[in-house]
1. Which residues, taken from the range 72-84, are more than 22 Å from SER28 (Cβ to Cβ) and in a helix (DSSP H, G or I)?
2. Among the residues of the range 11-47 satisfying the criterion of being of a type in the set (Ser, Thr, Tyr) and surrounded by fewer than 17 Cβ atoms within 10 Å (Cβ to Cβ), which is nearest to ARG77 (Cα to Cα)?
3. Which of the residues belonging to the range 50-74 are surrounded by 12 or more Cβ atoms within 10 Å (Cβ to Cβ) and over 14 Å from the mean Cα position of the chain (by Cα)?
Amino acid sequence: MEKNTLEELYRLILERKEHTVEGSYTCSLFAQGKDKILKKFGEEAIEVIIAAKGQGRQRIIEELSDLCYHTLVLMAREDISPDDIYQELNGRSTKD
């Protein structure tokens, strides 16, 4: 996969936010609302911690991937773009 996959995934998530697709997990998250999205985000964050406590590198990668996906869903829900995050991080790097 290409390094710009996160941006591509974000664009797909935005499409799902605007246009419902039957059987889409992403669409179901948006349909269930902000609380469901936040719940999934929290669950994935906890799963990353558990994986990092001794489940091995591959499991950590899997859980971080889930967390990244749910982070992008939350960002789309709140109309926050990857560029918004990049700008914030760039501002922080000049302070480090």
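Only the coordinates and a few stated rules stand behind these numbers; no lab work does. Bear in mind the structure is a predicted one, so any value in this text is a computation, not a measurement. Cβ coordinates were reconstructed from backbone atoms using ideal geometry, including for glycine residues, and neighbour counts include every protein chain displayed.
1. PRO82, ASP83, ASP84
2. SER28
3. The answer is ILE50, ALA51, ALA52, GLN55, ARG59, ILE60.
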